[in-house]
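Take a look at the structure below.
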Amino acid sequence: MAIQPPDAIDADGTAPAAVTDRRGRELRDLRISVTDRCNFRCRYCMPREVFGPEFRFLPRGEILTFEEIARLAGIFAAHGVRKLRLTGGEPTLRADLPALVRMLAQIPGVEVALTTNGSLLQHLARPLADAGLTRITVSLDSLDDAVFRRMNDADFPVAEVVAGIEAAEAAGFRPVKINAVVRRGVNDHTALDLARHFKGSGHIVRFIEFMDVGVSNGWRLDDVVPGAEIIARIHAEAPLVPAEPNYTGEVVRRWRYADGSGEIGAITSVTQPFCGGCTRARLSADGQLYTCLFAASGTDLRAPLRAGAADGEIAAIIAGRWARRDDRYSELRSQATAGLPRVEMSYIGG
Ligand code: SF4
């Protein structure tokens, strides 16, 4: 089915300028959660004691169809969004995901990316590439099998994820970005191994500071390993030089190996917040628009969508919400924010 440009595009065919929020930040990136389910139970995201057999995941009827997702993505694109990132839960659990990628890849002016735990990548890398996916990020918190299994709390072997990364490379994804959440006393002792393994591979490891996402992961500041500390450990072994951001609003702090064998990064939401350049919106699997990873509530887009609203009406809701946006949670994080309600990351994607 060809994606029709939404009726928000002006008569002369030009797309309206991107909307900006109260801090002058443009809406450029949309993270689309296609499911709130996952086959892992990573303790920093979906601890089993909360997301257990009794947990009420979104019933099928409440989840946006591919056509609804594609229509909304088209409207966001008409208002400046240039990157669509598919997330979850675990997005590859959504049946026939390549079909959605194919629909999104038809939207003019956008690129489609995916963040996955890599568990199904061996089978899906090629079909996703053929469907038009352009970038893959794989979450891989450690190469130590015992540590990895403990962190995903699903007894899932690390070798399967590594094989998934190899399948992604074979399907043409290069570089594959590898995200590792670092938690003191849990996996920080294996961070250097991860860096060594991918050094010279062309793939890029990014170490992510453990964040107080949601209200379920038992976050403590003491468990945070600052990005600068991880980078210093790597630098001590393989000298690094700072590298410029690829674009405004890029969340990762980049370093290159001085010997030219690639790059590495740190995502430092806790110790060096990057809210000033945050151009990201998030869409939950049931059609709620969130303007911050740490937001307490969203704006319902599914209801107007299913009530027959025109593209322009939905665009007005999106633009209006973004224009009122003032989020900068990571800059404000303190004892005072600890008790605030926050949406779960598994519901809106990282
Ligand atoms: S805390 Fe919110 S505003 Fe700040 S970078 Fe993260 S998502 Fe953006």
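Under 9 Å from the Cβ of residue 27, count the other residues' Cβ atoms, weight Lys and Arg +1, Asp and Glu -1, and hand me the total.
Around residue 27, the surrounding residues sum to +1.
Report the gain in length on full extension from residue 163 to residue 57: 0.36 nm times residue separation, minus Cα-Cα distance, nm rounded to one decimal.
On the way: separation 106, 0.36 × 106 = 38.16 nm, distance 2.93 nm.
That pair, residue 163 and residue 57, stretches by 35.2 nm at full extension.
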For this session: Express in Å², to the nearest 10, the accessible area of residue 37 obtained by rolling a 1.4 Å probe over the protein heavy atoms while all chains stay in place.
Result: 110 Å²
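When the accessible area of region 33-125 is split by element with a 1.4 Å probe, what percent falls to carbon and sulfur? Don't skip to the end; give the middle numbers.
Numbers: 1850 of 3390 Å².
Ligands and nucleic acids excluded, carbon and sulfur give 55 percent.
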For this session: Using amide H atoms built 1.01 Å from N in the peptide plane, name the residues 5+ places from residue 184, or on other chains, whose amide H lies under 5 Å from its own.
Result: 224, 225
Exercise. Hey, if you put +1 on the Cβ of every Lys and Arg and -1 on every Asp and Glu Cβ in region 209-350, which of 305, 273, 261 ends up farthest toward the positive end of that dipole?
Worked result: 305
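Might you report the magnitude of the Cβ-based charge dipole of region 149-249 about its Cα centre, with Lys and Arg at +1 and Asp and Glu at -1, to the nearest 20 debye? Can you show the working numbers first?
Values: 11 positive and 14 negative charges, 28 e Å.
The calculated dipole for region 149-249 is roughly 140 debye.
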Exercise. Could you give the dipole magnitude of region 29-348 about its Cα centre, charging the beta-carbon of Lys and Arg +1 and that of Asp and Glu -1, in debye to the nearest 20?
Worked result: 440 debye
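Which FRET efficiency value, to the nearest 0.05, do you get for residue 22 and residue 123 by plugging their Cβ-Cβ distance into 1/(1 + (r/R0)^6) with R0 = 45 Å? Write down the numbers at each step before the final one.
On the way: r = 44 Å, r/R0 = 0.98.
After rounding to 0.05, the efficiency reads 0.55.
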For this session: Could you work out how far apart the two model spin labels at residue 337 and residue 259 are, taking each label as a point 7 Å from the Cα in the direction of the beta carbon, and quote it in nm?
Result: 3.9 nm
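What fraction of the DSSP beta bridges in region 29-348 is antiparallel, stated in percent and rounded to the nearest 5?
Details: 13 of 43 bridges.
Once the DSSP bridges in region 29-348 are tallied, antiparallel ones form about 30 percent.
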Problem set entry | Label point at residue 144 placed 7 Å out along Cα→Cβ; residues across region 264-300 whose backbone nitrogen lies under 13 Å | none
Problem set entry | Lys/Arg +1, Asp/Glu -1 at C-beta; region 29-348 dipole; positive extreme among 323, 116, 228 | 323
Exercise. Quick one: putting +1 on the C-beta of Lys and Arg, -1 on the C-beta of Asp and Glu, what dipole do you get for region 220-263 around its Cα centre, in Debye to the nearest 20?
Worked result: 60 debye
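In Å², what does the accessible area per residue of the chain work out to with a 1.4 Å probe? All intermediate terms of the calculation are to be shown ahead of the outcome.
Values: 14410 Å² over 350 residues.
Accessible surface, normalised per residue, equals 41 Å².
The values are calculated or read from the model by the stated rules, or taken from the named source; none is laboratory data. These numbers come from a predicted model, not from an experiment. Cβ coordinates were reconstructed from backbone atoms using ideal geometry, including for glycine residues, and neighbour counts include every protein chain displayed. The protein model used for the area step is the full one, side chains on, heavy atoms only, and it has no ligands, DNA or RNA in it. Shrake-Rupley method; radii C 1.70, N 1.55, O 1.52, S 1.80 Å.
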